[in-house]
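The values are calculated or read from the model by the stated rules, or taken from the named source; none is laboratory data. What you are looking at is a predicted structure, and each value in this text was computed from that prediction instead of being measured. All Cβ positions, even for glycine, are placed from backbone atoms using ideal geometry, and neighbour counts span all protein chains on display. Just so you know, the surface numbers come from the protein's heavy atoms only, side chains and all, with ligands and any DNA or RNA stripped out. Shrake-Rupley method; radii C 1.70, N 1.55, O 1.52, S 1.80 Å.
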Amino acid sequence: MLLVGARGLLGSAMQATAPSTIQLVSTGHGDLPIEDPHAVQQIVARERPDWIINCAAYTQVDRAEAEPEIAQGVNAGGPANLARAAGEAGRRTRLLQLSTDYVFDGHSRRPYREDDAVAPLNAYGRSKLAGEQAVRDILPDAHLIVRGQWLFGAGGPNFVATILRLARERRELRVVNDQHGHPTFSSDLAAALWQLIAREARGTVHCANEGVATWYDLARAAVAAAGLPTAVLPCATAEMPRPAQRPAFSALDCTRYAALVGAPLRAWAEPLREYVQNTLTSLG
């Protein structure tokens, strides 16, 4: 198997949770810039993997508003290059493409299902949706698209790590309380992806830890788990304007994942406590 984007949050977790029977070739952006079709074709032709797992992504949501062409190159052009190379590999190579809840506009009153209408609000979401569409068009019968959301964990920058750092520096934090989603532990999502691969899943699947929360809920739980005295106060998105618009409600319905593997992921509060305690231990 070929893991692309191995140096990031999810890529690191994929390596850490890989079954012992898997022969995994891992690449980072320095080894394989997925925007380069020639580089992609060369490594896929050389490795001839049964699966390509694409964890590479441009994830700077606000910055993408100023440089949408770069986001498109990585998040849309990259998956298209991988899909074409998979189709040309000379064997039944399948592509697992990671996507996001930001393909939705957040106007739903219930968690989003895989077949719900998409309408991204920002350049990042549009680039990820374009990547999904390219993979479906090029590999109609040999793709698995997994939408995750609100990732936290070891191996890369994430919201919880930022909150813990700020909480050690400040006496008070204000966090938005009107955006809703499923906080998801990167190691739990990685283990879930390996389960889907083992079951030869196809199509689109939503996967996230159980439980809907706001960013305020997540921040408050993280600070409490760390035993820090910092006050966490709720605020509205309108009070903290950002370049990119975010969906107000983008919780994912993960019923299909649970049906495929036999059980949903655990509720997010448990892995959050584990991650916070491990983070504090590493900090000394």
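Listed here are the helices (runs of 4 or more DSSP H) enclosed by the stretch 1-99 that have at least 1 residues being charged (D, E, K, R): 37-47, 68-72, 78-87. If the condition is being outside any loop (DSSP other than H, G, I, E, B), open to solvent by 30 Å² or more (accessible area, probe 1.4 Å) and either touching a Phe, Trp or Tyr at 6+ places or on another chain (Cβ under 7 Å) or charged (D, E, K, R) (or both), then the stretch 227-252 contributes 234, 239.
Here's the yes/no breakdown for (1) closer than 26 Å to residue 105 by Cβ; (2) within 18 Å of the chain's Cα centre (by Cα):
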| position | (1), (2) |
| --- | --- |
| 210 | yes, yes |
| 213 | yes, yes |
| 217 | yes, no |
| 223 | no, no |
| 239 | yes, no |
| 253 | yes, yes |
| 260 | no, no |
| 265 | yes, yes |
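Could we say that residue 21 is surrounded by 15 or more Cβ atoms within 10 Å (Cβ to Cβ), of a type in the set (Ser, Thr, Tyr) and farther than 26 Å from residue 248 by Cα here? In short, no. Only a single criterion out of (1) open to solvent by less than 60 Å² (accessible area, probe 1.4 Å); (2) under 30 Å from residue 23 (Cβ atoms) is not satisfied by residue 198, namely (1).
The C-beta contact set for the stretch 203-217 (first residue within 19 Å of residue 263 (Cα to Cα), second residue of a type in the set (Gly, Ala, Ser) and open to solvent by less than 20 Å² (accessible area, probe 1.4 Å), distance under 6 angstrom, 6+ apart or interchain) comprises 207/148; 207/192; 208/148; 212/251.
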